[in-house]
Amino acid sequence: MSTKWFQLGDGTLISRSLQVDGSYPMKVTIPADAVEISEERAEEIRAGYAADVRRWVAEQNAAADVIRRRDFDALVALGAPEETARRLSGYRGLTEGAPDG
């Protein structure tokens with residue numbers, strides 16, 4: 001089997017597998033706005049998707065760090081012992097690159 005890659009008009013990446021003789025193993029519908037692309041281009045697009053996900057995860061982690069820090073600070077300000085404030089808030093220190101505050 002071999003694989004053909006397509007990019008849809010909205011940027012979505014899809015693939016379709018072909019049999020050895022070049023035919024599709026079953027009736028396959030390819031959307032009208034699909035453009036066939038090379039495997040190399042598909043890998044570039046997939047790498048871009050992966051980078052976007054890593055960036056989004058880092059942003060979410062940084063935002064969560066800020067919230068945990070604020071909760072920790074509030075608990076300490078209310079008189080909770082630091083160890084208890086850390087346990088309740090989940091604050092363990094900031095993730096690298098997260099803003100402090």
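FYI, it's all coordinate maths here, none of it is from the lab. Values in this document were obtained by computation on a predicted structure and should not be read as measured data. All Cβ positions, even for glycine, are placed from backbone atoms using ideal geometry, and neighbour counts span all protein chains on display.
So if we plug the beta-carbon distance of Thr3 and Asp52 into 1/(1 + (r/R0)^6) with R0 = 25 Å, what FRET efficiency do we get, rounded to 0.05?
0.65
Label points 7 Å out from Cα along the Cβ direction at Ala64 and Val28: separation in nm?
3.8 nm
Using only alpha-carbon positions, what ratio does the radius of gyration of the chain give when scaled by 2.2 N^0.38 Å? Intermediate results must be reported in sequence, preceding the final value.
Working: Rg = 23.9 Å, N = 101, 2.2 N^0.38 = 12.7 Å.
That ratio works out to 1.88.
For the chain, find the longest principal axis of its Cα atoms and tell me its angle to the long axis of helix 39-77, 0 to 90°, nearest 10.
10 degrees
Determine the calculated [θ] at 222 nm for the chain from helices alone, applying -39500 (n - 2.57) to every DSSP H run no shorter than 4 residues and normalising by the residue count; nearest 500 deg cm²/dmol.
So the helix-based figure for the chain works out to -16500 deg cm²/dmol.
In what sequence, highest mean first, do 43-51, 81-89 appear when ranked by Cβ atoms within 10 angstrom? Let's see the in-between values first.
Values: 43-51: 11.9, 81-89: 13.8.
Sorting 43-51, 81-89 by mean packing, highest first, produces 81-89, 43-51.
Using unit Cβ charges (K, R positive; D, E negative) and no other charged atoms, how large, in debye to the nearest 20, is the dipole of the chain about its Cα centre?
Charge dipole of the chain: 320 debye, to the nearest 20.
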